[in-house]
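Comments concern the structure below.
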Amino acid sequence: MPFTHLHWLQKTNKELNEVYLTLYLRKFAISLINIFIPIYLYTIGYSLNNILIFIAIWFLFQAIASYVASRINYKIGTKHTIMISVPILILFFWLLYEVPKWNMPLAIYFVAPLIAFSNGLYWVSTNGIFARNSHKKSPGKEVSYLMISSRLGSVLAPLIGGFILTELTFNYLFLIVGILLSLSLVPLFLSKDYSCRKKDNWFKILKENKKYFFAYFFQGILSNTTLFVIPFLILFLLKTYISIGLISSVLLVGSFIVILIVGKLTDSFEGKRIIRLGGLILSAILLILLYANNPIILYFASFIVGIGIVMIYLPIFAISSLISKKYNETEFMMLREMGLCAGRVFFVLLLLIFSDIIKIQVGLLIASLASLYFVLFR
């Protein structure tokens, strides 16, 4: 594994190294295809409203799966919970490929809970492991390493996925993704598994951390902007898979450049200042995207979107990791996941109200307004 010799990996503990390497492989696999899921559904005949309902079901069930994940962790251990998530995700991708053969218009709605349960089991458990093993003196730096693992796995994957779709078919892409997801489990089991330390009342956690729940809620809106709104904006303007993949890679490069800087600044002084600046940048650039009509503006704006997202996500997750140590870390991360899912579901249900002609523009406007929450974050 070439990344075990990177300088930033050598300075972290073994448990975090395993998380970084597992996340790298998983993110590379999923990033080959994830951004193309809504586009794939569109190309096989589903309308924008059908796709939005699919996404709403996805994240509604992911919220439920987050609760299930916290319960399973007590029974079988955190890493075994992650292990269960992988075959479920592979099954989802296989069934997604088979959907056109069934001649059942509602089939995708029954497939959506699979990716939901896989993601819920995976993210609550992985974030719980990270929070449990992170250090109080350097959460920003360690979150930056986590995000680098994610970006290293993601930066070229959308472009490679776009190339595979252009030259081959979804069938080949699904096969590659399945193999890589299976390999992603290997690093996790280089050390022993463990279960959660104690049970916490998550209503109590919610009551004591309401402002962070709302921060996750608005983050959920922003994440669906990159999952649904920006890919369709690119498709309608540039009309190629490779363009979608390239823009996605540009967005990730923008985030990659500032990750370490934001991580160090988060540890040096109050991270909330960075969050407020990131919210301002993101709100402004999403308004620019609203009027984008040529590739240069799309590439530039996507690059800046990547930077703004890091300035919000990284400090909030670093702060969350510290706060979670007061409670059961897995229970706290369940709350985080529920907040994210609530924002995602709210966003897509709101878009369902509007006609296809203005969906993308309305989505960008809503995301720009959602970013203003972080400008006011205290």
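Any read-out appearing in this document is the output of simple, stated calculations on the displayed coordinates, not a laboratory observation. All values reported here derive from a predicted model rather than from experimental measurement. Every residue, glycine among them, receives a Cβ derived from its backbone with ideal geometry; neighbour counts consider all protein chains shown.
When the residues of segment 340-378 are filtered to those that are more than 11 Å from Leu222 (Cα to Cα) and among the charged types (D, E, K, R), which remaining residue is surrounded by the most Cβ atoms within 10 Å (Cβ to Cβ)? Top of the filtered list is Lys359. Against the criterion of being touching a Lys or Arg at 6+ places or on another chain (Cβ under 6 Å) and crowded, with 24+ Cβ neighbours inside 10 Å, Phe59 qualifies. Would you be able to tell me the number of residues in segment 77-93 that are free of Cβ contacts under 8 Å to residues at least 24 places away in the same chain and among the β-branched types (Val, Ile, Thr)? Within segment 77-93, residues that are free of Cβ contacts under 8 Å to residues at least 24 places away in the same chain and among the β-branched types (Val, Ile, Thr) number 0.
A quick yes/no check of all residues on (1) touching a Ser or Thr at 6+ places or on another chain (Cβ under 9 Å); (2) among the aliphatic types (A, V, I, L, M); (3) within 30 Å of Lys75 (Cα to Cα):
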site	(1), (2), (3)
Gly308	yes, no, no
Ile323	no, yes, yes
Glu337	yes, no, yes
Ile360	no, yes, no
Leu372	yes, yes, no
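For the condition closer than 20 Å to Ile309 by Cβ and in a helix (DSSP H, G or I), Leu364 qualifies.
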